[in-house]
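A.B. asks: Let me give you the structure first, and then I'll get to my questions.
The values are calculated or read from the model by the stated rules, or taken from the named source; none is laboratory data. The shown structure was predicted, so the numbers you read here are calculated from the model rather than taken from an experiment. Because the Cβ atoms are built from the backbone with ideal geometry, glycine has one as well, and the counts that use them run over all protein chains shown. Each accessible area value is taken on the protein alone, full model and side chains, heavy atoms only, with ligands, DNA and RNA left out. Shrake-Rupley method; radii C 1.70, N 1.55, O 1.52, S 1.80 Å.
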Amino acid sequence: MTEAPALPPTRLPQERRTVTDLPGPVSQQLAARRAAAVTAAVGSTMPVYAADADGGVVVDVDGNSLIDLGSGIAVTSVGNASPAVVAAVQEQVARFTHTCFMITPYEGYVAVCEKLNELTPGSFEKRSALFNSGAEAVENAVKVARKATGRSAVAVVDHAYHGRTNLTMALTAKNTPYKNGFGPFAGEIYRVPTSYPFRDPEGMTGEEAAARATRQLEVQVGAGNVAAVLIEPIQGEGGFIEPAPGFLRALAQWCADNGALFIADEVQTGFCRTGSWFAAEHDGVEPDIVVTAKGIAGGLPLAGITGRAELLDAVHKGGLGGTYGGNPVACAAGLASIETMAQYDLAARARGIAELTLPRLRDLQKRTDRIGDVRGRGAMLAMELVQPGTDEPDSAAATRISQACHAQGVIVLTAGSFSNVIRLLPPLVIGEELLLEGLQVLEEAVLAL
């Protein structure tokens, strides 16, 4: 990997170890209890129940140690139970757990906002507000955009994922499982084509893909009605789609030229995941508003919006907030997590993960006709599975590969509008040997198709 400071210390052995079949007997007992108590509408990727986790491993209730290539969907980037996060949480929880920032404010909330203003792209003066989840933060970014511009239309792109609330379901592209049967949805949401190099016409540039999208907006919505264009710099649930160079810059310029806001949903891409603090930096884009969550607080629920001061300050007093938003314990975790990322240069760690992983995935692609595309940045990497000799999505292959990895004690996730993408989101603190072992299991699963 790229040279960087030593990794944080770990409590648990950083090893893959299976002592039972998966799921083991205790996990099976918990599954029976779950069936009687938890709605079947909540799914789980693996049928094992966690008892402990640390660094790059998750240990289940039967004593199996699993290699974690999922990070709880890009959340535990600093590792599970990161020592600095644990210490900060313990100190804060012993003092107070809640006052509500809207009632009696506290320094932690202010300090997190200061960090967000400092770290997010943009040399302009900024303001921030804190919330509980990515979906909640996205909703508030839309609120700010509509209030600040006096417009109502919000443009999103194909394959987008922005959350599961009513508004964010409208913003999300994929129907099942996220939207099916839950409508009607919020209005004034308009979807346009994105840049998807693997599936776009051959040779289409980022600028051409952006022109395709903005022409549709101009014809079908009217540029003067668009409050914001909302986009993930690299699409997450949609399949880790990395747009062609120039696409994001062209969209941002169109927004600037037409009085609309450019909102970057960095919920999954933020906080060193792609090899920089935020993915928009790779394209030299300074979003008007950045949405953050997931990796910000080492596993505690915290989210935020950060943007141009004049935009967030355009909202009337009391227009933003929430009972739990910016909870003091979550803020303490967030500050410790951000400090850990800086101390151990986890952006460099993410780049090192890509240096190890991408060549192996591309070599694997040459050895099979089942991988249509390998893509991603930093520690946000994916391969898209296709029917042999075609570009037709193969969701069954992705399912078989993920299940084979799970049976061997390696946590991998699937994604994609066609459910045909294997995505890798290892903790940024994962050790090289552990990562390579996980990749070996993945390779064997692919070649066994």
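A.B. asks: Determine which single condition Met383 fails, assuming it passes every other condition in (1) assigned to a helix (DSSP H, G or I); (2) crowded, with 22+ Cβ neighbours inside 10 Å.
C.D. replies: (1)
A.B. asks: Any residue in the range 436-449 that is open to solvent by less than 20 Å² (accessible area, probe 1.4 Å), within 20 Å of the chain's Cα centre (by Cα) and modelled with pLDDT of 95 or more?
C.D. replies: No, because not a single residue in the range 436-449 is open to solvent by less than 20 Å² (accessible area, probe 1.4 Å), within 20 Å of the chain's Cα centre (by Cα) and modelled with pLDDT of 95 or more.
A.B. asks: Just wondering, is there one or more residues in the range 34-41 that are of a type in the set (D, E, K, R) and either at positive phi or assigned to a helix (DSSP H, G or I) (or both)? Give the steps one after another, and end with the answer.
C.D. replies: Kept after step one, since they are of a type in the set (D, E, K, R), are these residues of the range 34-41: 34.
Then drop every residue that is not either at positive phi or assigned to a helix (DSSP H, G or I) (or both), which leaves 34.
For the range 34-41, residues of a type in the set (D, E, K, R) and either at positive phi or assigned to a helix (DSSP H, G or I) (or both): present.
A.B. asks: Has the range 307-329 got any residue that is modelled with pLDDT of 95 or more, within 30 Å of Gly352 (Cβ to Cβ) and polar (S, T, N, Q)?
C.D. replies: Kept after step one, since they are modelled with pLDDT of 95 or more, are these residues of the range 307-329: 307-329.
Within this subset, residues satisfying the condition of being within 30 Å of Gly352 (Cβ to Cβ) are none.
No - not one qualifying residue is present in the range 307-329.
A.B. asks: Does the range 262-281 contain at least one residue that is outside any loop (DSSP other than H, G, I, E, B) and in contact with a Cys (Cβ under 6 Å, 6 or more places away or on another chain)?
C.D. replies: Residues of the range 262-281 that are outside any loop (DSSP other than H, G, I, E, B), as a first pass: 262-265, 279-281.
Retained after the next criterion (residues that are in contact with a Cys (Cβ under 6 Å, 6 or more places away or on another chain)): 262.
So far as the range 262-281 goes, yes, one or more of its residues are outside any loop (DSSP other than H, G, I, E, B) and in contact with a Cys (Cβ under 6 Å, 6 or more places away or on another chain).
A.B. asks: For Ala141, are the conditions met, namely being among the hydrophobic types (A, V, I, L, M, F, W, C), at positive phi and under 19 Å from the mean Cα position of the chain (by Cα)?
C.D. replies: Details: among the hydrophobic types (A, V, I, L, M, F, W, C): yes; at positive phi: no; under 19 Å from the mean Cα position of the chain (by Cα): yes.
Judged against the criteria, Ala141 is not a match.
A.B. asks: Okay, next question. Name the residue, out of Gly307, Gly284, Gly246, that is touching an Asp or Glu at 6+ places or on another chain (Cβ under 6 Å) and on the phi > 0 side of the Ramachandran plot. Spell out how you get there, then give the answer.
C.D. replies: Numbers: Gly307 fails: on the phi > 0 side of the Ramachandran plot; Gly284 fails: touching an Asp or Glu at 6+ places or on another chain (Cβ under 6 Å).
The conditions single out Gly246.
A.B. asks: Modelled with pLDDT of 95 or more, more than 25 Å from the chain's Cα centre (by Cα) and farther than 23 Å from Arg349 by Cβ - does that describe any residue in the range 43-58?
C.D. replies: No - not one qualifying residue is present in the range 43-58.
A.B. asks: For the range 187-227, enumerate the residues that are part of a helix (DSSP H, G or I) and of a type in the set (Val, Ile, Thr). Full working, then the answer.
C.D. replies: Applying the first criterion (part of a helix (DSSP H, G or I)) to the range 187-227 yields 206-220, 223-225.
Thr214, Val219, listed by residue number.
A.B. asks: Hey, Ile422 hits all of (1) buried (at least 17 other Cβ atoms within 10 Å of the Cβ); (2) closer than 30 Å to Val112 by Cβ; (3) without any contact (Cβ under 8 Å) to a residue 60 or more places away in the chain but one; which does it fall short on?
C.D. replies: Among (1) buried (at least 17 other Cβ atoms within 10 Å of the Cβ); (2) closer than 30 Å to Val112 by Cβ; (3) without any contact (Cβ under 8 Å) to a residue 60 or more places away in the chain, the lone unmet condition for Ile422 is (2).
A.B. asks: Looking only at residues that are surrounded by fewer than 20 Cβ atoms within 10 Å (Cβ to Cβ) and of a type in the set (Lys, Arg) in the range 352-374, which one is nearest to Gly298 (Cα to Cα)?
C.D. replies: Within the range 352-374, the match that is nearest to Gly298 (Cα to Cα) is Arg360.
A.B. asks: Can you name the residue in the range 282-302 that is closer than 30 Å to Ala81 by Cα and part of a helix (DSSP H, G or I) and, of all such residues, is most open to solvent (accessible area, probe 1.4 Å)?
C.D. replies: Result: His282.
A.B. asks: Right, next: Which one is least open to solvent (accessible area, probe 1.4 Å), of the residues in the range 120-155 that are touching a helix residue (DSSP H, G or I) at 6+ places or on another chain (Cβ under 6 Å) and among the acidic types (Asp, Glu)?
C.D. replies: Glu139
A.B. asks: Consider only pairs whose beta carbons are under 8 Å apart and that are at least six residues apart or on different chains; among these, list those whose first residue lies in the range 331-351 and is modelled with pLDDT of 95 or more and open to solvent by less than 10 Å² (accessible area, probe 1.4 Å) and whose second residue is among the charged types (D, E, K, R) and in a helix (DSSP H, G or I).
C.D. replies: Here the result reads Gly334/Lys115; Ile338/Lys115, each pair linking the range 331-351 to a residue that is among the charged types (D, E, K, R) and in a helix (DSSP H, G or I).
A.B. asks: Determine whether Gly246 is touching a Lys or Arg at 6+ places or on another chain (Cβ under 8 Å) and not hydrophobic (A, V, I, L, M, F, W, C). Break it down into steps so the answer makes sense when it comes.
C.D. replies: Details: touching a Lys or Arg at 6+ places or on another chain (Cβ under 8 Å): no; not hydrophobic (A, V, I, L, M, F, W, C): yes.
No.
A.B. asks: Determine the pairs where a residue that is under 27 Å from Asn420 (Cβ atoms) and open to solvent by less than 20 Å² (accessible area, probe 1.4 Å), located within the range 239-265, has a partner that is outside any loop (DSSP other than H, G, I, E, B) and among the basic types (Lys, Arg) with Cβ atoms under 8 Å apart, the partner being 6 or more residues away or on another chain.
C.D. replies: Listed by first residue and then by second, the contacts come to Gly239/Arg423; Phe240/Arg375; Phe240/Arg423; Ile241/Arg375.
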